[in-house]
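Q: Right, I'll just put the structure down here and ask away after.
The values are calculated or read from the model by the stated rules, or taken from the named source; none is laboratory data. These numbers come from a predicted model, not from an experiment. Quick reminder, even Gly has a Cβ in these numbers, built from the backbone with ideal geometry, and neighbours come from all protein chains shown.
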């Protein structure tokens, strides 16, 4: 425990010092084809983390063109080609547990862990879209979808974004930071070990609409949503609120914000519809810049989910009736070979909300290597400490080797 605290304090000190270092400026291929720009024009160090330009492209609803001819006419402006990418993720995972009935203890190849077609881009001057079609047996084919409708007033973009997602959470409608505020936007593969929001389990199914205002120095998102996937969402709806500032200070690209999930909803029909409650909040921050000639990213988060009342509706983020569930996390990533090889270290301290309020802590180290801009090899290793560390049968360490490619 003391070692974990010392490590966390060291990372906090490292984060504070990093803000004084100068910065040197450093898409999935479907978007690269549409814009005519390389993948690292939008991403910081490696995908999926976004830089300032990537955030601007996403805020614009994926409508920016440049690399392709447009088919234009009266009330029409679309790329001459429908842009598509194949996304694949292959993982090898191993725990150090002594139970031989666990596949992870033996070492498990997960092929494919993820396989999908991403189809998206410009649908018109003010309309974009992104569709993820799963290629994995048993998964929903219409896995994730959003269609931003965007209008600009001076430097502020106003958007209405209908969306549905299988497991990315209410923040899927609109999110720009890489703190794990959105499940698939974080620097390391071990998400629950490096993000407080992901430790809470904010990666639910979600269907709703996001209303967004964004400009270069920040964004605000209100979403009405239901904890379901697909076309069967019924009201009343849950609420999701997100506000973040994204200024540039002394050459550093900064971000800091707050997330709030609240409300009570009903799903289904008949005399006994399913009632659900959302009651959680989070604060997060990130800094992207450089330490000398080396790209540096630092990502921090704190999240808390209220306990479930013994007489009320269950909180979808914490079913415990004894205590709130909470966590804080801090991760740093340094590009030792800029835009090619980075090293990472992170720490998460969690309290699981059980009657004994046990601590669940994780320390993670990682390597990320870009063989080419759209092919990443990542190695993560986490070890778990605290009152609620896994049993010897499950093991207290997890190692993941991942190949992540987009074509």
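Q: Listed residues 89, 94; which is under 16 Å from residue 391 (Cα atoms), part of a strand (DSSP E or B) and touching a strand residue (DSSP E or B) at 6+ places or on another chain (Cβ under 9 Å)?
A: 94
Q: Would you mind stating whether residue 105 is at pLDDT 90 or above and in a helix (DSSP H, G or I)?
A: yes
Q: While we're on this one: Take the conditions assigned to a loop (DSSP other than H, G, I, E, B) and more than 19 Å from residue 60 (Cα to Cα) and apply them to residue 256. Does it pass?
A: Spelling it out, it is not the case that residue 256 is assigned to a loop (DSSP other than H, G, I, E, B) and more than 19 Å from residue 60 (Cα to Cα).
Q: Is it true that some residue in the stretch 115-125 is more than 26 Å from residue 216 (Cα to Cα), buried (at least 18 other Cβ atoms within 10 Å of the Cβ) and under 16 Å from the mean Cα position of the chain (by Cα)?
A: Scanning the stretch 115-125 turns up no residue that is more than 26 Å from residue 216 (Cα to Cα), buried (at least 18 other Cβ atoms within 10 Å of the Cβ) and under 16 Å from the mean Cα position of the chain (by Cα).
Q: Right, next: Just to be sure before I move on: is residue 219 assigned to a strand (DSSP E or B), surrounded by fewer than 24 Cβ atoms within 10 Å (Cβ to Cβ) and either over 15 Å from the mean Cα position of the chain (by Cα) or modelled with pLDDT of 95 or more (or both) in the structure I sent?
A: So residue 219 does not fit the description; no.
Q: What are the residues in the stretch 333-348 that are crowded, with 23+ Cβ neighbours inside 10 Å and touching a helix residue (DSSP H, G or I) at 6+ places or on another chain (Cβ under 8 Å), if any?
A: 346, 347, 348
Q: Taking residue 184, is it within 19 Å of the chain's Cα centre (by Cα), modelled with pLDDT under 95 and within 24 Å of residue 328 (Cβ to Cβ)?
A: Yes; evaluated as a whole, the condition is true for this residue.
Q: Pull up the stretch 81-100, narrow it to residues that are farther than 30 Å from residue 122 by Cα and surrounded by 15 or more Cβ atoms within 10 Å (Cβ to Cβ), then point me to the one that is modelled with the lowest pLDDT.
A: Looking at the filtered set, the residue picked out is 97.
Q: If you don't mind, another one. Could you count how many residues in the stretch 386-400 are over 19 Å from the mean Cα position of the chain (by Cα) and within 18 Å of residue 188 (Cβ to Cβ)?
A: Residues flagged as over 19 Å from the mean Cα position of the chain (by Cα) and within 18 Å of residue 188 (Cβ to Cβ) within the stretch 386-400 amount to 3.
Q: Surrounded by fewer than 16 Cβ atoms within 10 Å (Cβ to Cβ), under 25 Å from the mean Cα position of the chain (by Cα), modelled with pLDDT of 95 or more and closer than 30 Å to residue 43 by Cα, is that true of residue 298?
A: Considered against the rule, which asks whether it is surrounded by fewer than 16 Cβ atoms within 10 Å (Cβ to Cβ), under 25 Å from the mean Cα position of the chain (by Cα), modelled with pLDDT of 95 or more and closer than 30 Å to residue 43 by Cα, residue 298 comes out as no.
Q: Can you tell me how many residues within the stretch 349-374 are in a strand (DSSP E or B) and farther than 14 Å from residue 196 by Cα?
A: Qualifying residue count for the region: 8.
Q: Let me ask you something else. Going by the conditions given, is residue 103 closer than 30 Å to residue 385 by Cβ and surrounded by fewer than 15 Cβ atoms within 10 Å (Cβ to Cβ)?
A: It is true that residue 103 is closer than 30 Å to residue 385 by Cβ and surrounded by fewer than 15 Cβ atoms within 10 Å (Cβ to Cβ).
Conditions (1) surrounded by 17 or more Cβ atoms within 10 Å (Cβ to Cβ); (2) part of a strand (DSSP E or B); (3) on the phi > 0 side of the Ramachandran plot, marked per residue:
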| site | (1), (2), (3) |
| --- | --- |
| 130 | yes, yes, no |
| 136 | no, no, no |
| 151 | no, yes, no |
| 171 | yes, no, no |
| 177 | yes, no, no |
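Q: Looking only at the stretch 182-200, how many residues end up being out of contact with any strand residue (DSSP E or B) (no Cβ under 6 Å at 6 or more places or on another chain) and in a loop (DSSP other than H, G, I, E, B)?
A: Residues in the stretch 182-200 being out of contact with any strand residue (DSSP E or B) (no Cβ under 6 Å at 6 or more places or on another chain) and in a loop (DSSP other than H, G, I, E, B): 7 in total.
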